[in-house]
Amino acid sequence: MATIDNDQDLRAALNRLTPDQQRQLGCRFAQQVMSLSRDERVNRAIATGLTDTITPGELEDAFRAARAYAVKTYTDCGRDTDWLAQADHFVAAAAAAALTPDEFMTERQNRAWKAAVQARMAVSCAMMEDDSADESHTARQQHALAAEFLG
């Protein structure tokens, strides 16, 4: 099993993944923070992205659902002090990042890394309301999840 002890190791490992593997692992990162989601469509999009046999149409539908919710909730982030609503936004952003179709990706982007960072943002927002939330724990969980995924 691969050892991933820090974010540099994580990024290096994620950069070796295929786009399909990036999607699946990115959705696992989003799934870790799904309890902060308030929208069932986002939760279904994450579940869809976790499947091994996803059709291009299913991928597009899941991406659109997650992206639409992330865009809708983005406008509240800058002016609202509802930290759990902001966490909800970042869960959707993590799902959308993981599910991003190839045509929207640049060569330097990585779905799984972007999903990991957005998931951490969700936890950071939740920390404002919930003392038990811990971003460093989330990072360690992501390291372990990636190592297990690479198995």
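The values are calculated or read from the model by the stated rules, or taken from the named source; none is laboratory data. Not measured: the values here are computed from a predicted model. Quick reminder, even Gly has a Cβ in these numbers, built from the backbone with ideal geometry, and neighbours come from all protein chains shown. What goes into the accessible areas is simple: the full protein's heavy atoms, side chains included, and nothing from ligands, DNA or RNA. Shrake-Rupley method; radii C 1.70, N 1.55, O 1.52, S 1.80 Å.
Numbers for the structure displayed
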quantity	calculated
Lone qualifier among L14, L10, L50, L84 - being in contact with an Asp or Glu (Cβ under 6 Å, 6 or more places away or on another chain) and aliphatic (A, V, I, L, M)	L84
Segment 1-30, subset open to solvent by 90 Å² or more (accessible area, probe 1.4 Å) and part of a helix (DSSP H, G or I), residue nearest to E103 (Cα to Cα)	N15
Candidate set: segment 100-147, residues that are assigned to a helix (DSSP H, G or I) and over 17 Å from the mean Cα position of the chain (by Cα); chosen: the one farthest from A85 (Cα to Cα)	E103
Residue under evaluation T100, criteria (1) touching a Ser or Thr at 6+ places or on another chain (Cβ under 8 Å); (2) at pLDDT 95 or above, criterion not met	(1)
Selection count where residues are assigned to a helix (DSSP H, G or I) and in contact (Cβ under 8 Å) with a residue 24 or more places away in the chain, scope segment 31-47	7
Neighbours by Cβ (under 9 Å, 6+ apart or cross-chain): first from segment 138-151, over 11 Å from W113 (Cα atoms); second surrounded by 17 or more Cβ atoms within 10 Å (Cβ to Cβ) and of a type in the set (K, R)	T138/R120; A139/R120; L145/R28; F149/R28
Exclusive hit being of a type outside the set (S, T, Y), open to solvent by less than 40 Å² (accessible area, probe 1.4 Å), in contact (Cβ under 8 Å) with a residue 60 or more places away in the chain and more than 20 Å from H137 (Cβ to Cβ), set A70, A97, A112	A97
Tally of residues being surrounded by 23 or more Cβ atoms within 10 Å (Cβ to Cβ) and either modelled with pLDDT under 95 or at positive phi (or both) across segment 37-67	0
